[in-house]
Amino acid sequence: MYRQQRPESNPHFPGPHLPYDQNSQPQGKRTKIPHKLDPQDQEKRPLPRQNVQDQSSQPFGSPPLDLQNQDHRQTQPHGRQQQGDHSQGPRIPRDRRTNPLTWLGAVFCAILWVVIIVGGLIVLIIYLVFRPRSPGFDISSVTLNAAYLDMGHLLNADVTLLVNFTNPNKKVRIDYSYMYINLYYETTLISTQYIEPFSAAKAESKFAYIHMVTSQVRLPKAESLRLQKQIESNGIMLQVKGIFRARSNLGSILRYSYWLHGECTILTAGPPDGVLIKRKCKTKH
């Protein structure tokens with residue numbers, strides 16, 4: 001903070017100690033002429049504000065302030081000069097080359113998306129052209145030749161099945177392979193039969209006779225009592241489950257395979273001429 005100087009200490013301010021001759025100036029416009037100071041007054045004239053402040057703040061025996069400022073500018077750290085340069089304007093980042101792995105990943109993702117889109121379009125076109133449908137599994141007839149219990153819990157049975165495999169597609173041929181038919185009573189597996197592979201042409205049904213024999217299969221006590229009552233009432237309920245692999249041929253090139261599971265619940269009359277009374281079948285992937 002600078003000290004406020006008194007008006008009489010300023011040489012350019014005409015204080016009351018300066019004489020002023022009113023008759024020496026015209027009456028229209030009066031001008032103020034500063035009075036020349038005596039040598040004694042000039043010695044008492046105060047220094048300028050900046051010099052007074054600089055000399056008062058400068059310690060005794062130190063070099064002049066101009067030399068100190070020059071040395072300070074020469075010894076200023078390089079980092080501060082850089083900061084001063086940065087403050088003059090925004091710094092433009094340098095161009096960096098993209099990592100080749102980034103380009104490779106972007107190209108791979110683009111190719112993957114193209115393959116997915118093209119594959120989806122192909123599948124949609126194939127579905128609209130061929131309209132593929134799942135083949136059906138059904139039982140046309142059942143003959144229960146024998147069914148009895150040894151020792152009250154060992155089952156012996158003889159069953160003949162006529163199984164129907166239906167191809168509902170008019171433009172697709174189906175090949176069957178790895179085919180097994182399982183016969184259950186309640187939750188107990190009592191017989192298994194393998195079927196040779198075959199093909200079903202367009203809109204064609206294939207029949208297969210299956211002879212299943214059960215010998216000395218142990219049943220739980222609850223199931224043994226239930227089977228005995230069904231034999232006496234002339235109505236035995238069995239379950240037939242088929243597992244097979246199907247391949248749909250949409251042409252000489254387009255083929256796809258899948259697993260099918262067929263399940264039928266059948267009700268037959270008592271042996272020896274137990275014919276089919278009722279059935280309920282379903283097929284699922």
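The values are calculated or read from the model by the stated rules, or taken from the named source; none is laboratory data. The shown structure was predicted, so the numbers you read here are calculated from the model rather than taken from an experiment. Because the Cβ atoms are built from the backbone with ideal geometry, glycine has one as well, and the counts that use them run over all protein chains shown.
Kindly establish whether F108 is of a type in the set (F, W, Y), outside the structural domain of R255 (by TED's automatic domain parsing), at pLDDT below 90 and over 30 Å from Q228 (Cβ atoms). Before you say what the answer is, go through the steps one by one.
Numbers: of a type in the set (F, W, Y): yes; outside the structural domain of R255 (by TED's automatic domain parsing): yes; at pLDDT below 90: no; over 30 Å from Q228 (Cβ atoms): yes.
Considered against the rule, which asks whether it is of a type in the set (F, W, Y), outside the structural domain of R255 (by TED's automatic domain parsing), at pLDDT below 90 and over 30 Å from Q228 (Cβ atoms), F108 comes out as no.
In contact (Cβ under 8 Å) with a residue 40 or more places away in the chain and either under 30 Å from F130 (Cα atoms) or under 50 Å from the mean Cα position of the chain (by Cα) (or both): does that describe I231? Criteria not met by I231.
Restricting attention to segment 210-250 and to residues that are of a type in the set (G, A, S) and assigned to a helix (DSSP H, G or I), the residue that is surrounded by the most Cβ atoms within 10 Å (Cβ to Cβ) turns out to be S224. Scanning segment 259-285 for residues that are at pLDDT 90 or above and either exposed (fewer than 13 other Cβ atoms within 10 Å of the Cβ) or assigned to a loop (DSSP other than H, G, I, E, B) (or both) returns W259, A269, V275, K278, K280, K282.
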